[in-house]
1. Show which aspartates and glutamates lie in cross-link reach of LYS153 when reach means a straight Cα distance below 19 angstrom and same-chain residues fewer than eight apart are skipped.
2. Under the √(5λ) rule applied to the eigenvalues of the Cα gyration tensor, what semi-axes describe the equivalent ellipsoid of the range 28-188? Give them in Å, descending.
3. About its Cα centre, how strong a charge dipole does the range 28-188 have in debye, to the nearest 20, once Lys and Arg get +1 and Asp and Glu get -1 at the Cβ?
4. Specify which residue in the list VAL188, LEU40, VAL160 is farthest towards the positive end of the charge dipole of the range 28-188, using unit charges on the beta carbon of Lys, Arg (+1) and Asp, Glu (-1), about the Cα centre.
5. Quick one: Karplus J couplings for the range 122-127, per residue in order, coefficients 6.51, -1.76, 1.60, θ = phi - 60°, nearest Hz, x for Gly and Pro?
6. Given the range 28-188, what percent of its DSSP beta bridges are antiparallel, to the nearest 5?
Amino acid sequence: MHCSLTTLGKILAAIAAPLLIAACGPPAKSVQPVQADATLTQAATLLQPPPPDRARVIIFSGDNWRYTGTGGSYIGPHYKAGDIYVNDTKIGTLNGLEAMVFDLAPGQYSFRWIEYKQGAESLKRSEPSIRNLNGGGLLLLSTWYDSDLIVDKRYQMKPVSRDVRNYQTSSKDSSGKRLGIAPDIMVVRPSECPPSLCL
């Protein structure tokens, strides 16, 4: 079979394009997620507050600075799987494009995250986010990864505003419709949270 260089180039481009597109998307999930039941998924998706005897926490897979290679930068999703800690107890792992939802008794809590399978030593590089949770309250957090070369607290848990990008929540429309978790975000529950902590 005889192919011209132009034809060969087109064939190689056709093969390479899907591979390049796949490489730009989110990576495969590091752990098998535990999807929340239908009732909790609907309540979380609509950002509904819980009953007054508990507080609800939703943690989104978060962002970091992305560098363009031409001296520019922007904020974009990091897609890193993260082990989530509440009061220094690991409650589960959050993959990219997921939102972990759970309820806690009202009170003060510390929230942290580190990359999946990094171990307890990495908690020293995780900045705790101390929050007072009120009954009937809803707290939205995201896993921020500081990608600078030298960072003391590389892993941070930051509050999520209700006007974040569409990959986390849906945009507010002209009628002022309430925000909710976007359809491409899987709502999951913690896989390891002890009943003494998660309600």
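1. Correct list for LYS153: ASP63, ASP83, ASP88, GLU115, GLU121, GLU127.
2. Over the Cα atoms of the range 28-188, the semi-axes work out to 24, 20, 15 Å.
3. 160
4. VAL160
5. Once rounded to whole Hz, the list reads 5, 4, 5, 9, 10, 7.
6. Percentage antiparallel, nearest 5: 75.
Each value in this text was obtained by applying a stated rule to the coordinates, not by laboratory testing. Computed from a predicted model, the values in this text were never measured in an experiment. Every residue, glycine as well, gets a Cβ built from its backbone with ideal geometry; the counts of neighbours run over all protein chains shown.
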